[in-house]
């Protein structure tokens, strides 16, 4: 069974030869560039050409040698930067970043990037940038899209990895307090805004289907719906003002392609899962099992037949960065034993691997996931 077939069959809850594994297909399933540099050094692999597809979270593009070493089944879809520059933030770390970034060192040891009127800052000895989220491509929108089409074609024809087109709004502005308040005081304004967003997104995803539908297996929507303690939005309000648009988007994708719908959604959001299933969401990521009311066994029991959990395979918040190798292995075994039966699960840690995670723990996590991937498959 190829990697692409394995992932698709798991999403469809069909028999598979082993549990699929992901590292780095999405901007929330990846690994800090610092942790990636340390991992490659630990494995005796070259650190000379580490590329950075996400400057803000400062994630590394996971190379094919690492994907093969850890039996991964997915690959990130993002066209390479047209021009790159080497950046040495500290020590021996060197990374290939977009030449448009141009970090500037401040007297306090922090790094500042100013782009398109936005500023972001990496503190001294930090691992990622805070502040704005500017774009770094030096291509216009049309050229960037065609470069992405070419990358999608290459991944499909030259590899057997599963991949996803990333970039759609999930009709809930989790980072805009005014927007959230208007859901209560001015719902018509929210409907008008979501009408505008939806029109633009259907036009965009139509292009993706037309030009990448044969190459790409999913499209990703992004919107956090939960905090550590509970949902960020009243489920009834979400069902009234946001869910109808999510459903229309999912219906369009499913009616016009074979692609799956992937929703990135952090936090404690269990009360919203039934609505998301009704909307046609196929996949939820990152499955933040460390948040309140996100017990893995409950999630699998209540929703495991109707949706795919992509993530939740290792607790990054409490175990991966601070636990021992043995604790990481046991955590993976425990979580995989819950999520894996009957498919509908792609192994990934909860969100990205942070920059201070020891390489030994990363190896332990991914090797254990592979070892457990064959056991007791129904």
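The values are calculated or read from the model by the stated rules, or taken from the named source; none is laboratory data. None of these values were measured; they are calculated from a predicted model. FYI the Cβ positions are ideal-geometry reconstructions off the backbone, even for glycines, and counts take in every protein chain you see.
Answer yes or no as to whether residue 323 is under 20 Å from the mean Cα position of the chain (by Cα) and either in a loop (DSSP other than H, G, I, E, B) or more than 20 Å from residue 266 (Cα to Cα) (or both). The answer is no for residue 323. If you filter segment 47-80 down to residues that are without any contact (Cβ under 8 Å) to a residue 60 or more places away in the chain and not in a loop (DSSP other than H, G, I, E, B), you find that the one that is surrounded by the fewest Cβ atoms within 10 Å (Cβ to Cβ) is 68.
Of all residues in segment 282-297, those that are on the phi > 0 side of the Ramachandran plot and at pLDDT 95 or above have Cβ atoms under 9 Å from Cβ atoms of residues that are part of a loop (DSSP other than H, G, I, E, B) and buried (at least 23 other Cβ atoms within 10 Å of the Cβ), 6 or more apart or on another chain, in 287/311; 287/312; 287/313; 287/348; 287/350; 293/269.
Among residues of segment 340-356 being over 18 Å from the mean Cα position of the chain (by Cα) and on the phi < 0 side of the Ramachandran plot, the one that is surrounded by the fewest Cβ atoms within 10 Å (Cβ to Cβ) is 356. Could you check segment 216-232 and list, in sequence order, the residues that are surrounded by fewer than 21 Cβ atoms within 10 Å (Cβ to Cβ) and in contact with a helix residue (DSSP H, G or I) (Cβ under 7 Å, 6 or more places away or on another chain)? Residue satisfying the conditions is 231 alone. When every residue of segment 184-204 is checked against the conditions, at least one turns out to be assigned to a helix (DSSP H, G or I), touching a strand residue (DSSP E or B) at 6+ places or on another chain (Cβ under 6 Å) and either modelled with pLDDT of 95 or more or surrounded by 12 or more Cβ atoms within 10 Å (Cβ to Cβ) (or both). Restricting attention to segment 326-378, report how many residues are touching a helix residue (DSSP H, G or I) at 6+ places or on another chain (Cβ under 9 Å), assigned to a helix (DSSP H, G or I), over 26 Å from residue 93 (Cα atoms) and in contact (Cβ under 8 Å) with a residue 60 or more places away in the chain. The total comes to 3. Cβ-Cβ distances below 9 Å connect the following pairs, each with a first residue in segment 1-27 that is at positive phi and in contact (Cβ under 8 Å) with a residue 12 or more places away in the chain, a second residue that is assigned to a helix (DSSP H, G or I) and buried (at least 24 other Cβ atoms within 10 Å of the Cβ), and a separation of six or more residues or different chains: 24/36. Residue 246 satisfies every condition listed in (1) in a helix (DSSP H, G or I); (2) free of Cβ contacts under 8 Å to residues at least 60 places away in the same chain; (3) touching a strand residue (DSSP E or B) at 6+ places or on another chain (Cβ under 8 Å); (4) closer than 22 Å to residue 169 by Cβ except (2). Condition check: surrounded by fewer than 17 Cβ atoms within 10 Å (Cβ to Cβ), within 22 Å of the chain's Cα centre (by Cα) and modelled with pLDDT of 95 or more. Does residue 254 satisfy that? In short, yes.
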